[in-house]
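For reference, the structure discussed in these notes is given below.
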Amino acid sequence: MTSAIDNESLLEAEAWQLLEKSIIYYQGKPIGTVAAHDPESDALNYDQCFLRDFVASALVFLMHGKAEIVRNFLIETLKLQSHDKQMDCFEPGAGLMPASFKVHFNGNEEFLVADFGEQAIARVPPVDSCMWWIILLRAYEKATGDLSLARQPDFQAGIKLILDLCLVHRFSLYPTMLVPDGAFMIDRRMGVYEHPLEIQVLFYASLRAASELLLPDGDDSYFGKVNRRLGSLKYHISNYYWLDLKRVGDIYRYKGNEFGKEIANKFNIQSESIPNWLTEWLPESGGYLAGNLGPGRMDFRFFTLGNLMSILASLASEAESQRIMNLFAQRWQDLIGSMPVKICFPALEGLEWKIVTGCDSKNSPWSYHNGGNWPVLLWFFTAAALKTDRTELAQAAIAIAERRLFKDKFPEYYDGHNGRLIGKEARIYQTWSIAGLLAAKQLLANPEYLELISFPEGLEGPGCSL
Ligand code: GLC
């Protein structure tokens, strides 16, 4: 009879084998992992390496001392950054990183073909890719101690190109970044246009990473710009996105149509827009960052990745981070349920679903991006639980995931209010579901690896003294 420990290592070995099977080779070198290796469905673009998906794999490799694949990935994707990219004769900004890439063959010759969104469904631009790239470069440095890669002139130039693209001033009065719908992990229309939390938090984390990676080169304007933006971004998000019962109470009593500088309701949020579910759902000791904020619009939905990353990036204060974790603990069935972790809560339903998603059948209520449960989010949850000293929450979530993921063959996502069903159109052997579990387990066993992906509090740029 095999003991529980033997069984656990057998399962882990199986997950490792699956992860290794997903590796993509280019000119004989490992450079990334495919999105999924599903023998039962059409590959579409799931045979490509997505930049955001690779982050989970990269963390696993880095934590196991296999840094070469991450190094190769960073080098090759940097070369793609400067490639010709075009849609209908229009050239997008120079710093853009692709959503995904693939190895193509021409006779014996191999070359990489990237998709910057010009082939993707609905032509969504992958705004998050360049941010993940910088965050991953920092994780690589932390894990290996190899400072030379990021110091190479082409890497320094690549970081600056990204900063040029992200810090540019357009027609915006807010320090948050204005993006179209579906510009990140949620890459379909879901009402996440304008200033979605996930992009703002990744923006913040990537600016913090950039300020560590940039070398002083006489052109210190980059440091100045990065630090100023960090300060105003933090001020804006802490003051205007944070929601707890007190704040919801303030919004409830807001007056509309206030004009001028010294007013409470700066964004003209109408109290009637507070959804009915919120006041019952929000526990006394809980809180979170709202999903979006724009003129006359606060999206009160809870988005998991943005909130968990805000803990890791220390964009949420320590007290706020505890409140976010309290929310998970007290709304466990809704946010963790039968498979950690729900991507957003609640789902859009009925007429709202029709209008906001454009009747997207893949994003039907409680499925996929619209309230589905995504195993990849387990590593974010584990890391945030460790950072806030709530290890027991991470242990409980990992135990739930492990019970199902192996027998269900690592689906991409789960459906239903509590994630009980394998997602309607979910791929199986989805790489970031496999890597998400391995990364979570490795973080739990060696919490010192948290430093690869987290940022200490209090080192960001100057705030705003309004
Ligand atoms: C889906 C997800 C996206 C992911 C891709 C590959 O399109 O929405 O976030 O990168 O699949 O797994």
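The values are calculated or read from the model by the stated rules, or taken from the named source; none is laboratory data. Just so we're clear, the structure is a prediction, and the values are computed from it rather than from any experiment. Every residue, glycine among them, receives a Cβ derived from its backbone with ideal geometry; neighbour counts consider all protein chains shown. Note: accessible area is taken over every heavy atom of the protein model, side chains too, but ligands, DNA and RNA are not part of it. Shrake-Rupley method; radii C 1.70, N 1.55, O 1.52, S 1.80 Å.
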Legend entry - Evaluation of Asn276 against (1) surrounded by 13 or more Cβ atoms within 10 Å (Cβ to Cβ); (2) closer than 30 Å to Lys362 by Cα (one fails), failing number: (1)
Inset, instruction - Working only within the range 2-52, note down all residues that are within 29 Å of Ala399 (Cβ to Cβ) and among the charged types (D, E, K, R). - result: Asp6, Glu8, Glu12, Glu14, Glu20, Lys21, Asp38, Glu40, Arg52
Inset, instruction - Using the structure shown, decide if Val201 is over 18 Å from the mean Cα position of the chain (by Cα) and β-branched (Val, Ile, Thr). - result: no
Legend entry - Selected residue (only one of Glu14, Glu40 is out of contact with any Pro (no Cβ under 8 Å at 6 or more places or on another chain), in contact (Cβ under 8 Å) with a residue 12 or more places away in the chain and part of a helix (DSSP H, G or I)): Glu14
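The rows are residues; the columns are (1) more than 16 Å from the ligand (Cβ to nearest atom); (2) open to solvent by 20 Å² or more (accessible area, probe 1.4 Å); (3) of a type outside the set (Phe, Trp, Tyr).
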{"residue": "Leu378", "(1), (2), (3)": "no, no, yes"}
{"residue": "Ala397", "(1), (2), (3)": "yes, no, yes"}
{"residue": "Tyr413", "(1), (2), (3)": "no, no, no"}
{"residue": "Asn418", "(1), (2), (3)": "yes, yes, yes"}
{"residue": "Gly423", "(1), (2), (3)": "no, no, yes"}
Legend entry - Per-region count, the range 282-323, residues part of a helix (DSSP H, G or I) and open to solvent by 20 Å² or more (accessible area, probe 1.4 Å): 5
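Residue-by-condition table, conditions (1) within 18 Å of the chain's Cα centre (by Cα); (2) closer than 18 Å to Gly286 by Cα:
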| residue | (1), (2) |
| --- | --- |
| Ser317 | no, yes |
| Met325 | yes, yes |
| Ala347 | no, no |
| Leu351 | no, no |
| Trp374 | yes, no |
Inset, instruction - Among the helices (runs of 4 or more DSSP H) lying completely within the range 68-184, list those that include at least 2 residues that are touching a residue at least 24 places away in the same chain (Cβ under 8 Å), among the hydrophobic types (A, V, I, L, M, F, W, C) and open to solvent by 30 Å² or more (accessible area, probe 1.4 Å). - result: 153-167
Legend entry - Tally, over the range 377-428, of residues that are among the charged types (D, E, K, R) and part of a loop (DSSP other than H, G, I, E, B): 8
Inset, instruction - Please indicate, with yes or no, whether at least one residue in the range 354-365 is in contact with a Gly (Cβ under 9 Å, 6 or more places away or on another chain), within 16 Å of the ligand (Cβ to nearest atom) and either open to solvent by less than 10 Å² (accessible area, probe 1.4 Å) or not basic (Lys, Arg) (or both). - result: yes
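So which of Asp154, Asp84, Asp146, Asp128 is among the charged types (D, E, K, R) and under 19 Å from the mean Cα position of the chain (by Cα)?
Of the residues listed, the single one that is among the charged types (D, E, K, R) and under 19 Å from the mean Cα position of the chain (by Cα) is Asp128.
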Inset, instruction - Look at Asn227 and say whether it is farther than 26 Å from Asn326 by Cα and polar (S, T, N, Q). - result: yes
Legend entry - Residues located in the range 429-455, provided they are within 16 Å of the ligand (Cβ to nearest atom), part of a loop (DSSP other than H, G, I, E, B) and either open to solvent by less than 20 Å² (accessible area, probe 1.4 Å) or closer than 24 Å to Trp332 by Cβ (or both): none
Inset, instruction - Considering (1) in contact with a Lys or Arg (Cβ under 8 Å, 6 or more places away or on another chain); (2) not in a loop (DSSP other than H, G, I, E, B), say which one Val60 fails and leave the rest. - result: (1)
Legend entry - Subset tally (residues that are acidic (Asp, Glu) and either away from the ligand (no atom under 14 Å from the Cβ) or surrounded by 21 or more Cβ atoms within 10 Å (Cβ to Cβ) (or both)) for the range 13-67: 4
Inset, instruction - Show the residue pairs that are 6+ apart or on different chains and have beta-carbon atoms under 9 Å apart, the first residue being within the range 357-379 and among the charged types (D, E, K, R), the second being in a strand (DSSP E or B). - result: Asp360/Asn370; Lys362/Asn370
